Amino acid sequence: MRAQNPWLPALAALAFAVLYLVSGFVVPEPPDLNATGVQVQLYFADHSGALAASGYLAMVAGIPFLIVLALLRRRLATVGGWMADTAFGGGLVLAAAATAALLIQLGLALHPDDLDPATARTLLDGALPRWVGLASAAYALYEVIESATVFGSHGAFGPGETINTIGTVAFLPWYVALGTGLSAPEEARPAPAVATPG
């Protein structure tokens, strides 16, 4: 069996990071949250090429992402089989969800004329208050940091130690915040513009 290049994980991770960042930079600034459905539709029509390029770049970035995921599973398998399978399964679910979102973006970018203004407005609407999104982003960032514990053996980053404990405790206020956000009334959005016969 051919030996694995020791730099393969680092190179794959770097390739994913570069492709993912570039895919975000080529996307023009999205419409304001108070934009009408027609304005959102025009955004997809006016920036069709950039949005499609972003989607293609992100999908290509999925290749090195899966490579790193497979290498991570191989490394964790030497420590504990269930941990390797859980990490690999979670990564595949994340990749599948991201692919679904990218396919929707590509569909909208490649066929903007088929997008109904009311549907465009719905895609931009926020389902939860903005503060819930900020809290979720903060919790997700901590979870990324906490994932480093799979490589730790002692100290705060050891499995089941301080970093893991904080992540477990932090889950509770985030979940309460999510429930509170779901209990709040939905924000009023401007009605989509309706074309009148001239």
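Got at least one residue in region 56-63 being modelled with pLDDT under 85, surrounded by fewer than 16 Cβ atoms within 10 Å (Cβ to Cβ) and part of a helix (DSSP H, G or I)? Checking region 56-63: not a single residue is modelled with pLDDT under 85, surrounded by fewer than 16 Cβ atoms within 10 Å (Cβ to Cβ) and part of a helix (DSSP H, G or I).
Every test in (1) touching a residue at least 40 places away in the same chain (Cβ under 8 Å); (2) under 22 Å from residue 15 (Cβ atoms) is passed by residue 48 save one, and that test is (2). Residues that are over 18 Å from the mean Cα position of the chain (by Cα), of a type in the set (Gly, Ala, Ser) and more than 18 Å from residue 103 (Cα to Cα): does region 43-60 have at least one? Among the residues of region 43-60, not one is over 18 Å from the mean Cα position of the chain (by Cα), of a type in the set (Gly, Ala, Ser) and more than 18 Å from residue 103 (Cα to Cα), which makes the answer no.
The values are calculated or read from the model by the stated rules, or taken from the named source; none is laboratory data. Predicted model only: the values in this text are computed from it and were never measured. Here Cβ is always computed from backbone atoms with ideal geometry, including for glycine, and neighbour counts include all displayed protein chains.
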